[in-house]
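What follows is a single structure, written as structure tokens, with notes after it.
Nothing in this text is a laboratory measurement; each read-out follows from the coordinates by a stated rule. Just so it is clear, the structure is predicted and the values come from calculations on it, not from any experiment. All Cβ positions, even for glycine, are placed from backbone atoms using ideal geometry, and neighbour counts span all protein chains on display.
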Amino acid sequence: MKYVEFFEELNKDDVAIAGGKGANLGELTQAGIKVPPGFVITSQTYNQFINETEIFDEIMDILNVIDVNNNQELQQAARKIKNIIIETEVPNEIKTIIIEAYNALCRRIGKENAFVAIRSSATAEDLPEASFAGQQDTYLNVKGEEELIKYVRKCWASLFEARAIFYREENNFDHSTVYIAVVVQEMVNAEKAGVMFTAHPSTGDEKILIEAAWGLGEAVVSGTVTPDTIWVDKENEEILDYQISEKNIMYRKNPNTGKTEKITVPDDMKKKQVLNNDEIAGLTKLGKTIQDHYDFPQDTEWAIEEGQIFMLQSRPITTLTKKAEAIEAEVERTIIAKGLGASPGMASGKVKIIRDTDELDKILVGDILVTVMTMPDMVPAMKRANGIITDEGGVTCHAAIVSRELGIPCVVGTGDATKVLKENSVVTLDGNKGLVYEGKIVESTQKEEEVEKTTVVQQSILTVTEVKVNVSMPEAAKKAAMTGADGVGLLRTEHMMLATGVHPKKFISEGREDELVKVLVENVFKVADAFYTKTVWYRTLDAPTDEFKSLKGGEDDPYEHNPMLGWRGIRRELDEPEILKAEFKAIKKLHEQGYTNIGIMIPLVQHPDELKQAKKIAREVGLKPQKNIEFGIMVETPAAALIIEDFIAEGLDFVSFGTNDLTQYTLAIDRNNENVADLFTEQHPAILKLLERVIKECNKAGVKTSICGQAGSIPSVVEKLVELGITSVSANTDAVALVREVVARVEKKLILRAARKIIQD
Ligand code: PEP
Ligand code: MG
């Protein structure tokens, strides 16, 4: 058994012992590509560690008694297990071998106690990748034997992140059969870094795409920075396009502490071109060599230190393989159900009909979840599904919002899918057209491809009207940030609260306000950090009674005949100000930690007094609306649109159109009622009139305007809004790229129109 293997001894077939990352670094090294030297602590070492220290039994004792569907129990168990792994002494024999390898590496690079990067490397060869969920652990600038062992244990512990435990339990995977490897590699102190696709990632065209930013590559990979985008012709190596972006953030090694830090890019470098022609030529050559070696287009990560290019990662461009599979599987299509396309993409899988939440365990990875209407407690099962089909609902219902964010194709409002589809039969749904076909048409889902495309298109267009993104699930924030959006125009709070399983009022009534604040801080942090320094508008709780009733402590919420017109949004929060206060306290804490990019948005206002009272409560917790924090409202009642001047007089920084509600209230069409869904349109002249008057009045007063309802993802509406002078548009993750293109086209049209007018005059 080998505890460690140097890259020189590994190749791409060694995934089982070195994990995907480790095996590929070995393959590149053996192919003569410049890779920072290093070694892999094999999966067998992890196995030996948990067996020899006998902690595996301890871990199983914890797992055997928890209910993984109880989020709090699950999180607590994950914390306990990770602590056990982090605190257990590594047996001497293993420790000595790891330290000897580290010392050999230090000798080789000629530095004592060299800085290294430590990364977990999942051995997902014969298990679905999701069983390793959450294991993207990377620790940079680690130095010395003690720190090395500490972070290796942290990587091992990541095998027991809550999501990974949940996945394995739900799918009956034995925890003892899942292993993890750890990569230890010389730290490249990158001056510039990024990614390179050796072919067009969505079309496969013979073009190389390079994305580059200052400092360590983490800023580009995590989407924290909008990198420069360079297209190169693969054949003649000519630079086709170089788009310089504004790069505000970079990661670098602090010269004093040696630790990695996130800093603001110096002003003179923000808009400076990152790569010179020689570097682009060097990367292009390297890209071609790597693609030739693997005989398939690659998605790579690179870094440049003192003029030398290093390769840090290479893997096939998955979107291209998926496309090929999808075409192969094309068959004749028989439509068996029709509804509304609510989340784009196609998905095939086995039908599992859910009539009660007790049945959620039936949903295995890759199934198609079919139900009357999804409920918040179905989210873990929705995450496992390949596609979602509902009887009820319109394109802004719960199922639609969650699936769009999770990137799962979805058809809603079929009327009778739970009756006409047969349990365990294989179907394919088309989330664009709103159709369900008999049989398997695609390999699994074609959604991923669209997300990749989003990233690429997005980063090459700049617009004056900001294009933002909506986020409802903090865990999807990184993906949303990868679209290059100019901020979050709507951060919904409801899912953060629902994920606790406990009604927020129960936290308050039991004197556990601190816990509620903590939950909010942890969740909002994920979004504010992923988008830092771009603005994130946090929308205070808008919880309809029917959605929150199933939570612990929600049983006595009133039953309402018409929850959409009921006790929700700011009207409820002003009746229960302690919840609103807890939300404001969480935002204040994050502001104190430097996340001043968070603003506050108040939902469902119908009278300026509501805005006045909300601001007063914000002041009570120490926030200063319109002074140290942006404060605005959603315009989603006709009342707010018709007296917007009075809201402006009360004082606000911005307004954002919630067209989902504005449409239902203006047209008297319940947004969740599929019987009237065909009448639901944001393009009704009455709505356009309301939007127009609000934009006009706000522009007069210097108040920013935005849209975060579903209409912000509809090109024809966006076109009108840009013409009317809206400040920003916030779209769903999958629509950001398209919306950016539409905005750019309209802006050009307006410039052209103005220029022609000048010439004519
Ligand atoms: C809206 O009403 O348009 C909106 C964005 O809010 P929600 O969909 O959460 O009600
Ligand atoms: Mg709304």
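At-a-glance table
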| quantity | calculated |
| --- | --- |
| Shape parameters for region 335-444, alpha-carbon atoms, Rg then Dmax in Å | 11.5, 31 |
| Most to least packed among 278-286, 734-742 [average Cβ atoms within 10 Å] | 734-742, 278-286 |
| Kirkwood Rh (inverse of mean 1/r, distinct Cα pairs), region 150-273, angstrom | 17.6 Å |
| Calculated SAXS-style log₁₀ I(q)/I(0) at q = 0.14, 0.19, 0.20 Å⁻¹ - region 229-379, Debye, Cα scatterers | -0.94, -1.22, -1.32 |
| Computed [θ] at 222 nm, deg cm²/dmol, the chain (DSSP H ≥ 4; -39,500 (n - 2.57); rounded to nearest 500) | -12000 deg cm²/dmol |
| Degrees, to the nearest 10: 277-294 long Cα axis against longest axis of the chain | 70 degrees |
| Per-bin percent of Cα-Cα distances, region 4-186 [5 Å] | 1, 9, 17, 21, 20, 14, 9, 5, 2, 1, 0 |
| Greater than 27 Å apart at Cα, pairs in LYS288/LYS383; LYS271/LYS479; LYS478/LYS589; LYS21/LYS150; LYS207/LYS479; LYS247/LYS518 | LYS288/LYS383; LYS247/LYS518 |
| Protection proxy ranking, peptides 289-299, 111-121, average beta carbon neighbours within 10 Å, highest first | 111-121, 289-299 |
| Rounded to whole Hz, the Karplus (6.51, -1.76, 1.60) HN-Hα couplings of region 748-761, x for glycine and proline | 4, 4, 5, 5, 4, 4, 5, 5, 4, 5, 4, 4, 4, 5 |
| Relative contact order, percent, the chain [alpha-carbon distance under 8 Å, six or more residues apart] | 9 percent |
| For LYS468, distant residues with modelled amide H under 5 Å away | ASP486, VAL729, SER730, ALA731 |
| Peptides 381-390, 660-669, 264-273, 48-57 ordered by average Cβ neighbours within 10 Å, highest first | 381-390, 660-669, 48-57, 264-273 |
| On Cα atoms only, tilt of 685-701 relative to the major axis of the chain in degrees | 80 degrees |
| Descending semi-axes in Å of region 43-102, equivalent ellipsoid built from Cα gyration tensor | 28, 11, 9 |
| Per-selection Rg to Rh, region 691-761 - Cα, Kirkwood hydrodynamic radius | 1.03 |
| Net dipole in debye of the chain [+1 Lys, Arg Cβ; -1 Asp, Glu Cβ; about Cα centre; nearest 20] | 2180 debye |
| ³J(HN,Hα), Karplus 6.51/-1.76/1.60, whole Hz, each residue of region 297-312, x for Gly, Pro | x, 10, 10, 10, 10, 9, 8, 10, 10, 6, x, 9, 8, 10, 9, 10 |
| Region 462-569: Rg to Rh, with Rh as the Kirkwood radius over Cα pairs | 1.04 |
| Other-chain or far-sequence residues with amide H under 5 Å of VAL635's (modelled H) | SER656, PHE657, GLY658 |
| Amide hydrogen neighbours beyond the local backbone of THR260, cut-off 5 Å, H modeled | ASN254 |
| Projected area, mean over directions - region 551-634, Cα convex hull, nm² | 6.4 nm² |
| Estimated translational D of the chain in µm²/s (Stokes, Kirkwood radius over Cα pairs; 4 °C; 1.567 mPa s) | 47 µm²/s |
| Karplus (6.51, -1.76, 1.60) ³J(HN,Hα), θ = phi - 60°, over region 704-711, in Hz, Gly and Pro reported as x | 6, 10, 8, 9, 10, x, 3, 4 |
